[in-house]
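Sharing a structure with you now.
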């Protein structure tokens, strides 16, 4: 699958961006069938979105929740993406625990990637993948100069042993697996992301630019990240 042409929407303030993201999720859930499979992202902007979703009249019984990447830290470490998502959203709504698929990264990158790959074998195509953008152009834990799993026979989940930002050990869904989605939604905020945004919009093949989608790939950005 070739990288999708992103649809950029730029907002003057972060709250408007969060509201737009919530609407994308509501619409994607409404358009899904008996279940709604979503891949959650780490980072502060997604956390604001997760908190916004609490109290929304979602059909939580439909949700099947996966994670785009995770840091190999103890289960109760505050920097775990899965823990942050649970505190902000998952523990606050009525999603069945067996429908939240958490990678066991305390086993280490190789074993955790292998086991999470087995979990994803029956997941099919995701309805919605939520992603962020790092200052260096990375997304999930797919970093520049590292293997990102773009080829069709790439593993669904990659072990990461030498991430350029701590912690160095992680797992990440591969670019190919993230792209097996009906929709992909990027949330990009903050002045520190400007350089990565410029590189992406100029056509540079940063990792984020390698992600595709079947239906649409939308980037919601604030003016700090995308002033032009």
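Between residue 154 and residue 104, what is 0.36 nm times their sequence separation minus the Cα-Cα distance? Round to one decimal in nm.
Contour length minus Cα-Cα distance gives 15.9 nm.
Separate question: Between residue 165 and residue 51, what is the FRET efficiency for a Förster distance of 25 Å, r being their Cβ-Cβ separation, to the nearest 0.05?
FRET efficiency, residue 165 to residue 51: 0.50.
How far, in nm, would the chain grow between residue 26 and residue 13 when pulled straight, counting 0.36 nm per residue and subtracting the alpha carbon separation?
Contour length minus Cα-Cα distance gives 2.6 nm.
While we're on this one: R0 = 45 Å: FRET efficiency of residue 35 with residue 204, Cβ-based, nearest 0.05?
Given R0 = 45 Å and the Cβ-Cβ separation, E is 0.80.
While we're here: Given a 10 angstrom Cα cut-off, can you work out which residue in 140, 121, 88 is the most mobile in a GNM of the chain?
Sorting by GNM fluctuation, first place goes to 121.
So what's the back-of-envelope 222 nm ellipticity for the chain, counting only DSSP H runs of four-plus at -39500 (n - 2.57) apiece and dividing by all residues, rounded to 500?
It comes out at -7500 deg cm²/dmol, rounded to the nearest 500.
Same structure again: Quick one: length gained pulling residue 44 to residue 91 fully straight, 0.36 nm per residue minus the C-alpha distance?
In short, 15.2 nm is gained.
For region 7-222, what's the relative contact order in percent, using C-alpha pairs closer than 8 Å and at least 6 residues apart?
Rounded, it is 25 percent for region 7-222.
Could I ask something else about it? Enter the per residue convex hull volume of region 54-179, computed from alpha-carbon coordinates, in Å³ rounded to the nearest integer.
Hull volume normalised by residue count: 115 Å³.
Mind checking the alpha-carbon convex hull of region 118-201 and giving the volume per residue in Å³?
So the per-residue hull volume is 109 Å³.
Return the whole-Å distance between the Cα centroid of region 102-147 and the Cα centroid of region 165-228.
Rounded to whole Å, the Cα centres lie 14 Å apart.
Continuing with the same structure: Can you check what the Kirkwood hydrodynamic radius comes to for the chain, Cα pairs only, in Å to one decimal?
In the chain this quantity evaluates to 17.4 Å.
Values in this text are rule-based calculations from the coordinates and carry no lab data. Every value quoted in this text rests on a predicted model; they were computed, and no experiment measured them. Positions of Cβ are generated from backbone atoms using ideal geometry, with glycine treated the same way; all protein chains shown enter the neighbour counts.
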